[in-house]
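Notes follow once the structure below has been shown.
The values are calculated or read from the model by the stated rules, or taken from the named source; none is laboratory data. In this text, all values refer to a predicted model and were calculated from it rather than measured experimentally. Cβ: placed from backbone, ideal geometry, glycine included. Neighbour counts: every protein chain shown.
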Amino acid sequence: MSKTLSTDLTSENIAVVMEVLTESPKRLEALRKSVAAEKLSQPLGKGERTPVEVLAHILNTEARSSEMIYQALLVNEPFFANIHPERDWGKLLRLDLLSFDELLAYFNVRRKVLLHVLSELTEAKWARAIQEQGKKRKESVYWRARTIVMHELDHLNDLEKKLGK
């Protein structure tokens, strides 16, 4: 897939989103199998996060976007407080204190749920609106799912590159 994914809500773009969301757990599982456990808690480079911290970051970001998706499907144009996935959500949950294997198991369960919900959507439901505090534009369910995909692709590509896969 190219570096960018269009913001246009089309059946083709939805298919790409679903494909990437389906592949991410497989990529993480393959990464886990190819890397020694102790390396997963070591920084990827000077001043960089560890793979554990990267996966915790991915989960924090995914959690906020998924929450928006689920509420958009339940409530007409829900409004979301400006809660930062890392600075606020991450400091509360402290997923970075878990092991990579624990985070991977949690990721896999969350992904199954998200894929189940998204796989049932009509195009009209993909277009349902979300309003986030401090943003003038409304975003759609597709936009938030696309956000998850773009964020994960960046981090998974970086992990694979730096861990030598």
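A compact table of results
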| item | result |
| --- | --- |
| Of residues in region 116-133 being in contact (Cβ under 8 Å) with a residue 60 or more places away in the chain and surrounded by fewer than 16 Cβ atoms within 10 Å (Cβ to Cβ), the one nearest to E12 (Cα to Cα) | E123 |
| Selection status of R87, of a type in the set (K, R) and either farther than 19 Å from S11 by Cβ or outside any helix (DSSP H, G or I) (or both) | yes |
| Unmet requirement for T50, which otherwise passes all of (1) touching a Pro at 6+ places or on another chain (Cβ under 7 Å); (2) modelled with pLDDT under 95 | (2) |
| Selection status of T147, buried (at least 16 other Cβ atoms within 10 Å of the Cβ), touching a His at 6+ places or on another chain (Cβ under 6 Å) and assigned to a helix (DSSP H, G or I) | no |
| Residue check for K136: over 17 Å from the mean Cα position of the chain (by Cα), surrounded by fewer than 18 Cβ atoms within 10 Å (Cβ to Cβ) and not in a strand (DSSP E or B) | yes |
| Residue list for region 114-165, filter: more than 20 Å from L40 (Cβ to Cβ) and of a type in the set (G, A, S) | S119, A124, A127, A129, G134, S140, A145 |
| Filter result for E152 (surrounded by fewer than 16 Cβ atoms within 10 Å (Cβ to Cβ) and within 27 Å of N13 (Cα to Cα)) | no |
| Count - residues of region 8-33 that are of a type outside the set (D, E, K, R), surrounded by fewer than 12 Cβ atoms within 10 Å (Cβ to Cβ) and either over 18 Å from the mean Cα position of the chain (by Cα) or not in a helix (DSSP H, G or I) (or both) | 1 |
| Leading residue by the ranking (nearest to the chain's Cα centre (by Cα)) among those in region 35-58 that are exposed (fewer than 12 other Cβ atoms within 10 Å of the Cβ) and assigned to a helix (DSSP H, G or I) | A37 |
| Residues of region 73-100 that turn out to be on the phi < 0 side of the Ramachandran plot and more than 17 Å from the chain's Cα centre (by Cα), as a count | 14 |
| Scan of region 29-47 for residues that are under 23 Å from E86 (Cβ atoms), touching a residue at least 40 places away in the same chain (Cβ under 8 Å) and either touching a Lys or Arg at 6+ places or on another chain (Cβ under 8 Å) or small (G, A, S) (or both), ordered by number | L31, L40, S41, L44, G45 |
| Pairs, first closer than 29 Å to E120 by Cα and without any contact (Cβ under 8 Å) to a residue 40 or more places away in the chain in region 70-98, second in a helix (DSSP H, G or I) and β-branched (V, I, T), C-beta under 9 Å, six or more apart | P85/T61; W89/T61 |
| Test: residue in region 65-85 that is surrounded by 12 or more Cβ atoms within 10 Å (Cβ to Cβ), closer than 14 Å to T147 by Cα and among the aliphatic types (A, V, I, L, M) | yes |
